[in-house]
Structures are given as structure tokens and as C-alpha cells.
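Presented below is the structure to which this report refers.
The values are calculated or read from the model by the stated rules, or taken from the named source; none is laboratory data. Predicted, not measured: the structure shown is a model, and the values here were computed from it. Cβ: placed from backbone, ideal geometry, glycine included. Neighbour counts: every protein chain shown. Only protein heavy atoms, including side chains, enter the accessible area calculation; ligands, DNA and RNA are left aside. Shrake-Rupley method; radii C 1.70, N 1.55, O 1.52, S 1.80 Å.
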Amino acid sequence: MARMLCVGIATLDIVSTVERYPAEDDEVRASAQSWRTGGNAANTAVVLAQLGHRVSWAGNLGDGPGSRLAEQTFARHGVEYVRASRVRGHDLPVSCITLAEGGSRTIVHYRDLPEYTAAAFEAIDPGTFDRVHFEGRAVDQLQVMIRRVREAGVPVSLEVEKPREGIEALFEQADLLLFSHHYLRHHGHADPAEFLRSLPGGVVATCTWGQRGAWARDGEGAVRHLPAYSPPEVVDTLGAGDVFNAGMLHGLAVFDDLDRALAYAVRLAGEQCGRPGLELAT
Ligand code: FRU
């Protein structure tokens, strides 16, 4: 199994389950509520740890209840976070999430926590990992961090979920790019296969698009597609993209084969949509 470092955010997710998504100005009662640790990099780290890897997480923590819950979550899953930065007087970003029947998730996100910096990342020796996975956020900071990891000869994966000014400059720096449909849609790409083919030569990349499934492009530019895997009942799609990313990182580490990794990731993410939260079935 591999030593993996995930760099990005952890959040406090306050998840309320409702029968139907409420209309504006409605008052509805939730049938369940849970406080969970979320955030793309934290979610991917927690799943990778459950798949048996030695996982570390780096990002900013604060000193409020969200941060304490994140520490408990990491500890429970054996995710090491000793080099996370502590920003006093702040807490993690909070996502108020409404899960409606059928698994749709609507997120209202608030943050006042500063972004994790390249200066904080100096405390980490990337050479002690087999892979470093970055969440595509503050591009100026990422540029410096990614350069250090590459100089250490360690593979870099980059999640490109949302549009971020200038993030395209990082595409050639990563061994693996993990796109979500949010990014493609923002840039007017309706066809993931065509988009993936248009990436610079040599780049290996994936794209997920909910029920439409997932695509992967190999280093030669050839693209394959798999339909989404549907569990018997979809109950929770929150973090499905983060689970898919963990599945790809696991699949590539274990099989060293893009097709097998894609099939594994599609199945893992689909199965998880049939269960609440990110605890994998044992
Ligand atoms: C899911 C997620 C949630 C978090 C939000 C942050 O992918 O990481 O856990 O609240 O996205 O954008």
C-alpha cells in the first residue's frame, strides 16, 4: 500500500435529510441530521485510509468545534495530520447541506478560514510520500507546492473541481488531473471526451459527470468512458466525487492500469451513494 498525502480543505458539514427539497420561505422538518467532517481533500484522505493506505492530510485547522470534529475523524481513520497548520481564532468552513430523497445534495458554504499556504507546506518533506494529491484551490500557493513535490520526484495529482483563475497553468505540472463536470460546464464544455482529448500531450486525466458516468484519458490521448454504477437505492451523493478520486488513486497505486483504476473508482463511488456518509462497507 502507498504513502499518500492529501492537501486541501477540511470542512464541518451539517447535513439535514428531508423528504423533498424545500421551496423558498418554506419551513420543513428534517428526518435526520448529522455533523460530519467534509472537504474534498479530507474526504479523499479518509477513504484512502479505509482502503489501507498510509495517509496524511495537510491543510488549515482552526480551534473551534469543526476543527475538533475533524481531528476526531482523522484519528478514527488513522489519517495523520501532525503537520496541519492551526489558525487561531478561526474554525473550519461550514457547509449547511440539505440531502433530499433520491440523494441530491444542496450546499450553502461559508468560510473565513485563510487558505493553506506554500510557506506552511515547507514543513513537509514530499520525498516521504509515494504520491501527493492536491485540491485545486489557491493557484499561486499550489504552483509553489507542486514545484517542490515534482523536484522531489514524487507523482502529483490535482483535483480540478471548480473553476479557479489561472488553474490551467498547473495542468502540465500534474501526473494526473481529476476534473469534475462543474469545471467543464463553467467553461462551456458539454463533451468530456472531446475536452480530455484537447489536453496537452502526455497528460493522464479523468472527468466525472454524475449519472453520465466517468471518462479517463491515457498519456497517448485515448479516452474511454464508463457509465455510472447505480446502487439499489441512492441515499447520499455528498462527496461522491471525492470517493471517485480516492478510488482512482487507489486503483492506480494497486493495479497500475488506467482501465482497471477507472472501473474500480466508478464502482466505489457508486456504491458509496447507496450509504450515508463516507464509511465504506467492511
Ligand atoms: C463534498 C464536499 C463537502 C464540503 C464541500 C466543500 O465534495 O467536500 O464535504 O462541504 O464539498 O466544497
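Given in Å, the Rg to one decimal and the Dmax to the nearest whole number for the Cα atoms of segment 1-130 are 16.3, 53. For the chain, the fraction of C-alpha pairs farther apart than 30 angstrom is 26 percent.
Extending 7 Å from the Cα toward the beta-carbon at both T117 and D259 defines two label points whose distance is 4.8 nm. Here, segment 238-282 has an Rg and a Dmax of 10.1, 30 Å when only alpha carbons are counted.
FRET efficiency for the pair A23 and R275, taken as 1/(1 + (r/R0)^6) with r the Cβ-Cβ distance and R0 = 30 Å, rounds to 0.55.
Among the chymotrypsin sites (Phe, Trp or Tyr not before Pro) within segment 109-181, not one is in coil by DSSP while having at most 14 neighbouring Cβ atoms inside 10 Å. Name the shape class, rounded, prolate or oblate, that the alpha-carbon gyration tensor gives for segment 205-282, where a ≥ b ≥ c are the square roots of its eigenvalues, rounded holds for a/c under 1.5, and otherwise prolate holds if a/b is larger than b/c and oblate otherwise. Taking the square roots of the gyration eigenvalues as a ≥ b ≥ c, segment 205-282 is prolate.
Does segment 51-195 come out rounded, prolate or oblate, given a ≥ b ≥ c as the square roots of the eigenvalues of its C-alpha gyration tensor, rounded meaning a/c under 1.5 and, failing that, prolate meaning a/b above b/c? Oblate is the answer for segment 51-195, as a/c is 1.5 or above yet b/c matches or exceeds a/b.
On a per residue basis, segment 141-200 carries 48 Å² of accessible surface, using protein heavy atoms and a 1.4 Å probe. Taking GluC sites (Glu not before Pro) across segment 130-209, the ones in a DSSP loop with at most 10 further Cβ atoms lying within 10 angstrom of their Cβ are E165. Here the 3J(HN,Hα) profile of segment 252-265, calculated from phi with Karplus coefficients 6.51, -1.76 and 1.60 at θ = phi - 60°, is 5, 5, 8, 9, 6, 8, 5, 5, 5, 5, 4, 4, 5, 5 Hz, Gly and Pro shown as x.
Using a Gaussian network model of the chain in which every pair of alpha carbons under 10 angstrom is joined by a spring, one finds that among D63, D218, D13 the greatest mean-square fluctuation is at D63. Residue-wise HN-Hα couplings along segment 222-239, as the Karplus relation 6.51 cos²θ - 1.76 cosθ + 1.60 with θ = phi - 60° gives them from phi, are 7, 10, 10, 10, 10, x, 5, 8, 9, x, x, 9, 7, 10, 7, 9, 5, x Hz; Gly and Pro carry x. Evaluate the relative contact order of segment 1-68 (contact order divided by residue number), counting alpha-carbon pairs under 8 angstrom at least 6 apart; express in whole percent. In percent, rounded to a whole number, it is 47. For segment 138-258, dividing the convex hull volume of the Cα atoms by the residue count gives 116 Å³ per residue. Shown for the chain: the carbon plus sulfur share of the solvent-accessible area, taken with all protein chains present and a 1.4 angstrom probe, equals 49%. Shape class for segment 70-117: oblate, because the ratio a/c of the largest to smallest gyration tensor axis (alpha-carbon atoms, square roots of eigenvalues) is 1.5 or more and b/c is at least a/b. Expressed as a whole number of Å, what is the distance separating the alpha-carbon centroids of segment 202-261 and segment 119-174? One Cα centre to the other: 20 Å.
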